Amino acid sequence: MAFTLSSSAFIHGGAIPSKHTCQGLDLSPALAWEDPPAGTVTYVLIVDDPDAPDPAAPRMTWVHWVLLNLPAATRTLPEGAHAHALPGGTVVGSNDWRKRAWGGPCPPVGNHRYFFKLYALDVALALSPVATKADVEAAMVGHILGQATLMGTYNKHAH
């Protein structure tokens, strides 16, 4: 079996429903994963968009969500997983809106790709709650046991 990440809201490569975006309720989608690597202590989840601001001329990767220290026993996140609904010990890092929360897709133009990247780590990360994606990626070096990725798309004007 492979370490996999999925959502009941959309299939890999499929469109993310508008209720998970700035045009809807802006709820994080439900996520589930299977078969983490042996020795997993915690998970990190990073959701980002490499197509910002325009897929025809991307200039940056926009970070939508950073979660770290999800406990090893965790296999799901519910829809709309705000800080109070996350498993104990989970830390919500800072996204590119400088918020410690889910920020759904809200592309200014074009069809963007959103990558949900789940990392299985052999440690818990000792980072502050305002940690950014860059902080987390630096701290993960040498501790990644496996990665599972789910990609969804969203075009603000098509929905």
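Any read-out appearing in this document is the output of simple, stated calculations on the displayed coordinates, not a laboratory observation. Not measured: the values here are computed from a predicted model. Neighbour counts run over all protein chains shown; Cβ positions are idealised from the backbone, glycine included.
Annotations for the structure displayed:
- Shown here: the chain, whose C-alpha atoms stretch 43, 29, 29 Å along the first, second and third principal axes, sorted largest to smallest.
- Computed E for Asp122/Thr76 - FRET, C-beta separation, R0 25 angstrom, nearest 0.05: 0.70
- Karplus-derived 3J(HN,Hα), 6.51/-1.76/1.60, for each residue of the range 10-21, Hz, glycine and proline x: 7, 8, 4, x, x, 6, 7, x, 4, 5, 9, 10
- Loop sites here are trypsin sites (Lys or Arg not before Pro) outside DSSP states H, G, I, E and B with no more than 14 other Cβ atoms within 10 Å. The longest part of the chain free of them is 100-159.
- Modelled label reach - Met1, point 7 Å along Cα→Cβ, the range 67-81 residues with backbone N closer than 12 Å: 75
- Other residues whose C-beta falls under 12 angstrom from the C-beta of Gly104 contribute a net charge of 0, scoring Lys and Arg +1 and Asp and Glu -1.
- Annotation: amide H of Ala81 within the under-5 Å range of Ser28, sequence separation 5 or more or interchain, hydrogens built in the peptide plane.
- Taking 7 Å steps out from each Cα toward its Cβ at Arg59 and Cys106 produces label points 1.8 nm apart.
- Linear extension gain, Trp97 paired with Gln23, 0.36 nm per residue minus alpha-carbon span: 25.0 nm
- Mean ellipticity per residue at 222 nm, deg cm²/dmol - from DSSP H runs of n ≥ 4 across the chain, formula -39500 (n - 2.57): -1500 deg cm²/dmol
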